Amino acid sequence: MGILSKAPTPYKGQKYEDLRKQHQANGTLFEDPEFPATNASLVYSRQAPGQVTWKRPGELCDNPHFVVAGFNSGDVHQGSLGNCWFVAATGNLAQEKELWERVIPNAKEQDWDDDDKSSYAGIFHFRFWRFGEWLDVVVDDRLPTVNNKLTYTHSQEGNEFWSALLEKAYAKLAGCYENLDGGNTADALVDFTGGVAESVDLQNTTDNFLTNEEKAKELRSNMKKCAERKYLMSASIKVTSAEEMEAKTDSGLIKGHAYGITAVKTVKLADTGLLGMFNKQKIYLIRLRNPWGEKEWNGAWSDGSVFYVSVPPPKRLFHKIGGG
């Protein structure tokens, strides 16, 4: 992973601390001239998504906060933008405290201070790894809304805004929100970590993961090690045509949709008939999270399946996490 061996480079020359102190001293809220609250920050080749009104969190709820009761994957839900790849990566990021705090530095200091309202300056900053260096990207807190609701990424908690503001900073880095419509989860994971991405095609005819048990076992071992070492991982089903995009499979998975991998486990089977059914004492399971917060897996090991209910609750891997 990219190490913070030197101070991050202020993106567009905007220094967070200087701007924050300036607006605190003036008693004003920051308005970002580099990413203004206009349609130019939303789109470049299409119409804006409805009658968009830019609002600050304080205009959307009575008690806004950057983070509410800690952060987790459930804080990240996809909005009307086709950026499941970014939302899935953000959900992954929220699982790893050290990485999350690198991308979102000093979260407590950035939050609203209930005891000192005057300290709030309407400015936030985030860090992304780009082309061999960490960039520090500032944004104001004006967010696009339609009918008084956030248009894009939002938290399950109505007064929590870290995920929406993170998406805004990433959109600023990309040029506008529309530029996040369609992408590769691996790209976002690299930008969050400074690491190197590796892709594995399960249908690769050379490795034959689906028919070669030794290759499959090697892949399972590697994924388990990656999970233990807190690597960020994702998965998706390839599409071969536009018609297949976002088509729902019989198992409930969505084609062309990005899923965050939230757990990789080897589960011991109870002696309740499952041993004979699978002809083994252990089974390898992967837990996925859908950033839509809906459209769940309904096959083996899903909620209510004979496999799931046969495993004692303390050993269950596939519990609900935001529709995962």
Subject >> Any chance Ser73 is out of contact with any Ser or Thr (no Cβ under 7 Å at 6 or more places or on another chain) and assigned by TED's automatic domain parsing to the domain that holds Ala25 >> reply: no
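Restricting the search to the range 79-98, which residues are over 9 Å from the mean Cα position of the chain (by Cα) and farther than 16 Å from Ala263 by Cα?
Filtering the range 79-98 down to residues over 9 Å from the mean Cα position of the chain (by Cα) leaves 79-83, 95-98.
Passing the criteria: Gly79, Ser80, Leu81, Gly82, Asn83, Glu98.
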Subject >> Candidates Ala164, Ala227, Ala197, Ala186 - the one that is surrounded by fewer than 21 Cβ atoms within 10 Å (Cβ to Cβ), out of contact with any Lys or Arg (no Cβ under 9 Å at 6 or more places or on another chain) and not in a loop (DSSP other than H, G, I, E, B) >> reply: Ala186
**OP:** Select from the range 140-199 the residues that are charged (D, E, K, R) and over 19 Å from Trp54 (Cα atoms) and list them in ascending order.
**Re:** Glu157, Asp181, Asp187, Asp191, Glu198
Original post:
Taking the stated definitions as given, is Asp250 outside the structural domain of Gly58 (by TED's automatic domain parsing), on the phi < 0 side of the Ramachandran plot and not hydrophobic (A, V, I, L, M, F, W, C)?
Top reply: yes
Subject >> In the range 30-60, residue surrounded by the fewest Cβ atoms within 10 Å (Cβ to Cβ) [restricted to those that are over 25 Å from the mean Cα position of the chain (by Cα) and under 25 Å from Arg102 (Cα atoms)] >> reply: Glu31
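The values are calculated or read from the model by the stated rules, or taken from the named source; none is laboratory data. Just so you know, these numbers come straight off a predicted model, no measurement behind them. No Cβ is skipped: glycine too gets one built from the backbone with ideal geometry, and neighbour counts run over all protein chains shown.
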